[in-house]
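Data first, discussion second: the structure below is written as structure tokens.
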Number of protein chains: 2
Amino acid sequence: MSCAQPYALQLRARGYRMTPQRLAILHVLHHSGKHLSPSEVYQQACVELPGLTETTVYRTLEFLTENGLARPAYMGSGHLVYEIAGHEHHHLKCRICGHEMEVRHDLLKTLYRQLESESGYRLTDSHVTFIGLCPDCQKGE
Amino acid sequence: MSCAQPYALQLRARGYRMTPQRLAILHVLHHSGKHLSPSEVYQQACVELPGLTETTVYRTLEFLTENGLARPAYMGSGHLVYEIAGHEHHHLKCRICGHEMEVRHDLLKTLYRQLESESGYRLTDSHVTFIGLCPDCQKGE
DNA sequence: ATTCTTATTGCAACTTTTTACAATAGTATA
DNA sequence: TATACTATTGTAAAAAGTTGCAATAAGAAT
């Protein structure tokens, strides 16, 4: 749980508390390195903290998202998955084999500026997932 | 239900059938002009076709999506909403007042090309929603 | 018009996600 | 170290969404 201290400070600075439940969930996300569904988070965090409930997992994932410690992604399955918040990025997923790759956020910078000047909005966030065919799956077309 | 014929032909061409259930749901989407949640679709379509079940609504929305007649959008609420498929577009939503505006797809064309050449993927689809502050809500900051 | 094929539906059971509320437990302060 | 404040949790129940399967009905063929 060596990853805990910075998270605890961030929460406390906002008037929230660090709890064993949040710690277990953060730990799972932090060390997983990939997207996890709420039930995957629940199963893994339960190992570290027996007695954890699914209700708490859902609530905590939403809470961490609101506070910038986790990021949800809609990967086309109809359900949200979560990952630890780190560098801002997006995803590109193959509709056939399911292979995923990251899309650097700076590729969207130009678009962001263009959108802001056209719309008058100030952009703060985005949910972006691209779907397509990876090089391998294009061959088998 | 004057909007039915073209839809029926599209489905039949793919080996599927037009049914009263699908017609009612398409009708609701077609004439709504905005995003609807599955339960909103259910309620409205039920008026036209009493006896319709929620199961069928969920299944039909997914079916229409797969066949290009409806489009799902993830609007940041954690739940999918649907609209009739027409011109391809994306969304920009104010995180405070909820106001939504459309983003033309051609604004993403450059990004698409860039992504394709960098990744080797062929892009076929995307789930894109931008979140920000609309001009009005920026004032109240 | 009738028959046949099978895509589609409704039902019922099940899983996932959300909500309300009382009990618990972080953490700031004395 | 003890106390107080209130953020957070677990419980239970409701709501939303999914799945398997037998019955139905769209539409092609006769």
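Values quoted throughout were computed directly from the atomic coordinates according to the rules given, and no laboratory measurement underlies them. Predicted, not measured: the structure shown is a model, and the values here were computed from it. Neighbour counts are summed over all protein chains in view; Cβ atoms, including those assigned to glycine, are modelled from backbone coordinates with ideal geometry.
Mind listing the long-range amide H neighbours of A:Ser37? Cut-off is under 5 Å, sequence gap 5 or more, other chains count too, H placed in the peptide plane at 1.01 Å from N.
A:Tyr82
Using +1 at the C-beta of Lys and Arg and -1 at the C-beta of Asp and Glu, which of B:His90, B:Asn67, B:Gln5 has the Cα lying farthest in the positive direction of the dipole of chain B?
B:Gln5
Please list the non-local residues whose amide H lies under 5 Å from the amide H of B:Asp125, H modeled 1.01 Å from N, same-chain partners needing a gap of 5 or more.
A:Ile131
In whole Hz, what ³J(HN,Hα) sequence does segment B:25-38 give by Karplus (6.51, -1.76, 1.60; θ = phi - 60°), x for Gly and Pro?
5, 4, 4, 4, 4, 4, 9, 7, x, 9, 6, 10, 7, x
Compute the Kirkwood hydrodynamic radius of the protein assembly as shown, taking the inverse of the mean of 1/r over all pairs of distinct Cα atoms, and give it in Å to one decimal.
Roughly 21.0 Å, rounded to one decimal.
To the nearest whole number, what is the average tally of beta carbon atoms from other chains within 10 Å of the beta carbons of peptide B:76-85?
2
Once fully extended, how much extra length lies between A:His31 and A:Ala85, figured as 0.36 nm per residue of separation less the alpha-carbon to alpha-carbon distance?
Roughly 18.3 nm would be gained on extension.
Counting only other chains, and only Cβ atoms inside 10 Å, what mean value do you get across the residues of B:37-48?
0
Going by Cα centres, segment B:69-141 and segment A:72-139 are how many Å apart?
Cα centres, segment B:69-141 to segment A:72-139: 11 Å.
Looking only at chain A, where both bridge partners belong to it, what percent of the DSSP beta bridges are antiparallel (to the nearest 5)?
If we restrict to bridges inside chain A, about 75 percent are antiparallel.
Per-residue Cβ counts within 10 Å, from other chains only, averaged over A:131-137: what number is that?
5
Report, in debye and to the nearest 20, how large the dipole of chain B comes out about its Cα centre when Lys and Arg carry +1 and Asp and Glu carry -1 on their Cβ.
320 debye
Using Cα-Cα distances under 8 Å and only pairs 6 or more residues apart, what relative contact order does segment B:1-123 have, in percent?
Across segment B:1-123, relative contact order equals 17 percent.
Could you pull out the trypsin sites (Lys or Arg not before Pro) across segment B:12-70 that fall in loop regions by DSSP (anything but H, G, I, E, B) with no more than 12 other Cβ atoms inside 10 Å?
Taking segment B:12-70 and a limit of 12 other Cβ atoms within 10 Å, the loop trypsin sites (Lys or Arg not before Pro) found are B:Arg14, B:Arg17, B:Lys34.
I need the calculated FRET efficiency for the pair B:Met18 and B:Tyr58, taking r as the beta carbon distance and R₀ as 25 Å, to the nearest 0.05.
0.85
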